[in-house]
1. I'm trying to understand the selection: among the residues of the range 34-67, which are aliphatic (A, V, I, L, M), part of a helix (DSSP H, G or I), touching a residue at least 24 places away in the same chain (Cβ under 8 Å) and more than 20 Å from Thr21 (Cα to Cα)?
2. Being open to solvent by 90 Å² or more (accessible area, probe 1.4 Å), touching a residue at least 12 places away in the same chain (Cβ under 8 Å) and part of a helix (DSSP H, G or I) is the requirement here; does Asp31 meet it?
3. Looking at (1) of a type in the set (A, V, I, L, M, F, W, C); (2) surrounded by 15 or more Cβ atoms within 10 Å (Cβ to Cβ); (3) at pLDDT 90 or above, which one does Val83 not meet, given that it meets all the others?
4. Test Cys58 against the stated conditions and say whether it is surrounded by 13 or more Cβ atoms within 10 Å (Cβ to Cβ) and at pLDDT 65 or above.
5. Does any residue of the range 126-137 turn out to be of a type outside the set (A, V, I, L, M, F, W, C), at pLDDT below 70, surrounded by 10 or more Cβ atoms within 10 Å (Cβ to Cβ) and over 12 Å from the mean Cα position of the chain (by Cα)?
Amino acid sequence: MDLGIKFVTASSAKKTSHFSTLKTIKEWMTDILAPYVKSVIKADNLPKNQKSILFLDCYPVHIGKDFCFYVLKEHPNVFLIFVPANCYSRQQIIQQAWEKCIVKEFNLRGECLLARNTKAAYHAYYKADKLFHEEIE
């Protein structure tokens, strides 16, 4: 376990489930991912409720309702992002994640951050939010 390796059996009634089942993915979340995230939070002196992102492929058990609800309930600080099928390179995964960062018409691209309507929105927020205004001043 110190190396992040745990040998388990899938023990699935389905003959086609030879790799990952709900049982094994829950064990992985609890025994591998959660301790790893906890160690990073401690090492980097982050808040205990620090959020993390878990990139998963679209394997049926990963996208299933049972697993998604399990993560929401048992690991609420983990955000699931599903990598579309046929995305093999890290660059493709990063591009997909970047596109998920778009909020309404705003995003983190330079041309958006410097656009006239973005500056107007910043200015309106600056005037409307007293606490934000005080922190800037």
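The values are calculated or read from the model by the stated rules, or taken from the named source; none is laboratory data. Quick caveat: nothing in here was measured; it's all calculated off a predicted structure. So basically every Cβ, Gly included, is an ideal-geometry build from the backbone, and we count neighbours across all protein chains shown. The protein model used for the area step is the full one, side chains on, heavy atoms only, and it has no ligands, DNA or RNA in it. Shrake-Rupley method; radii C 1.70, N 1.55, O 1.52, S 1.80 Å.
1. Val37 - this is the single residue of the range 34-67 that is aliphatic (A, V, I, L, M), part of a helix (DSSP H, G or I), touching a residue at least 24 places away in the same chain (Cβ under 8 Å) and more than 20 Å from Thr21 (Cα to Cα).
2. Values: open to solvent by 90 Å² or more (accessible area, probe 1.4 Å): no; touching a residue at least 12 places away in the same chain (Cβ under 8 Å): yes; part of a helix (DSSP H, G or I): yes.
Taking the combined requirement at face value, the residue does not satisfy it.
3. (3)
4. No, not satisfied.
5. yes
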